[in-house]
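The values are calculated or read from the model by the stated rules, or taken from the named source; none is laboratory data. These figures come from a predicted structure and were not determined experimentally. Cβ sites come from the backbone with ideal geometry, for glycine too, and all protein chains shown count toward neighbours.
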Amino acid sequence: MSDERPGLSPLPLPPREPRPGRGLLIALAAGLTYALGVYGWTRLNAPDSGMLVIGFLLGAPIAACIIAVRLTDPKGVKRGGSHASVSALTVTVMLVCAGIVLREGAVCLVMAAPIFYGSGILAGWLAGKAMRRRAGRLMSLSILVLPLIGVPVEADRPPEAETRFVTSRIHIDASPETVWNGLIDIRAIRDAEHRWNFSHDVVGIPRPKEARLEGTGVGAVRHLVWARDVRFEEHITAWRPGRELAWTFHLGPEAQTRMLDEHLKVDSAYLRLEEGRYRIEPTADGGSDLVLTTRYWIRTPMNAYAGWWGGVFLGDFHRNVLGVIKTRAEAAA
């Protein structure tokens, strides 16, 4: 016997609920696709630029986050925290894909992350508020054009160049002569001699392994070996035993890319190591102060920001090498 009642039609089925997260995935994919397009546009118009502010460092995360917020909340009805979360997730996906797909190294990703997260989250939060009005929706979409315009404009206007110095000092309970003998030729640095730091242990910049001196006096050459088979030379330009040692850097093509990052060459149109210098200062207690200074040249649209990171990376390297010299010199004393 049928349970259906005469004259009654069956109840309609409820509409299917959209798959959880499907809209978010589409939004992330759209934002990422646009960011990759901006990256390609940057490489096409300015392959040796190093960094473009409007075109990429700010333009790409801002545009990607606005797209993601627009697609997940077209009318801006959600709260600002939701828009900020979507933007943070968008930037995270961008950085992960940059490392996997574009093969950007840890140095580039670490330097870009604060700018990407800061500009992207702020842009997404503001875009969410703007979406509540028609004029705001149109304005937020118009911002997507800025990266495309900014790339060729910035590429035609080279930024100012700047010379910077990073200096580190350490006290050593050993005579200047003992310190000198320990720094001109540094062989077989063991892992246990290294000190933990952000640049080497977190970012993954290669550690120094050996500095082998060939010859004496001005014109001598130190052959440097770092981890990951980074090899380069230091040509001596100042030689004052017990007082001062200076050199210029000579890096081959492989060392230029392996030292920091494949996309961040050490000897390029936007970055160049120029000189290193040890200075030994006798102290009243019979010991020595060892001072290490590195001079480098940069030309980016954000010299202050890039220079701050230069201080972080070179400072960590300085403290690592100075620590090795200190330990060995005090043991010899």
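Tell me, yes or no, whether the stretch 292-305 has at least one residue that is among the small types (Gly, Ala, Ser) and touching a Ser or Thr at 6+ places or on another chain (Cβ under 9 Å). Before you say what the answer is, go through the steps one by one.
Of all residues in the stretch 292-305, those among the small types (Gly, Ala, Ser) come to 304.
Now drop any that are not touching a Ser or Thr at 6+ places or on another chain (Cβ under 9 Å), which leaves none.
Checked against the condition, which is being among the small types (Gly, Ala, Ser) and touching a Ser or Thr at 6+ places or on another chain (Cβ under 9 Å), the stretch 292-305 yields no hits at all.
Condition (residue is farther than 15 Å from Tyr305 by Cα, polar (S, T, N, Q) and not in a helix (DSSP H, G or I)) applied to the stretch 49-67: is it met by at least one residue?
Looking for residues that are farther than 15 Å from Tyr305 by Cα, polar (S, T, N, Q) and not in a helix (DSSP H, G or I), one finds at least one in the stretch 49-67, hence yes.
Pairs under 7 Å by beta carbon, first residue within 15 Å of Gly310 (Cβ to Cβ) in the stretch 105-117, partner of a type in the set (Gly, Ala, Ser) and at pLDDT 90 or above, six or more apart or different chains?
none
Name the residue, out of Ala113, Ala135, Ala123, that is buried (at least 18 other Cβ atoms within 10 Å of the Cβ), out of contact with any Asp or Glu (no Cβ under 8 Å at 6 or more places or on another chain) and not assigned by TED's automatic domain parsing to the domain that holds Phe198. Explain how you work it out, then say what you get.
Values: Ala113 fails: buried (at least 18 other Cβ atoms within 10 Å of the Cβ); Ala135 fails: buried (at least 18 other Cβ atoms within 10 Å of the Cβ).
Answer to the check: Ala123.
Anything in the stretch 150-183 that is surrounded by fewer than 18 Cβ atoms within 10 Å (Cβ to Cβ), in contact (Cβ under 8 Å) with a residue 12 or more places away in the chain and not in a strand (DSSP E or B)? List them, or say none.
Pro152, Val153, Ala155, Pro158, Glu160, Ala161, Asp173, Glu177, Asn181
For the stretch 184-224, enumerate the residues that are in contact (Cβ under 8 Å) with a residue 60 or more places away in the chain and either small (Gly, Ala, Ser) or touching a Pro at 6+ places or on another chain (Cβ under 7 Å) (or both).
Ile189, Ser199, Gly204
If we only count strands (runs of 3 or more DSSP E) wholly inside the stretch 192-261, which ones have 1 or more residues that are among the β-branched types (Val, Ile, Thr)? Steps first, answer last, please.
On the way: elements: 208-214, 221-226, 230-240, 244-250.
Fully inside the stretch 192-261 and qualifying: 221-226, 230-240, 244-250.
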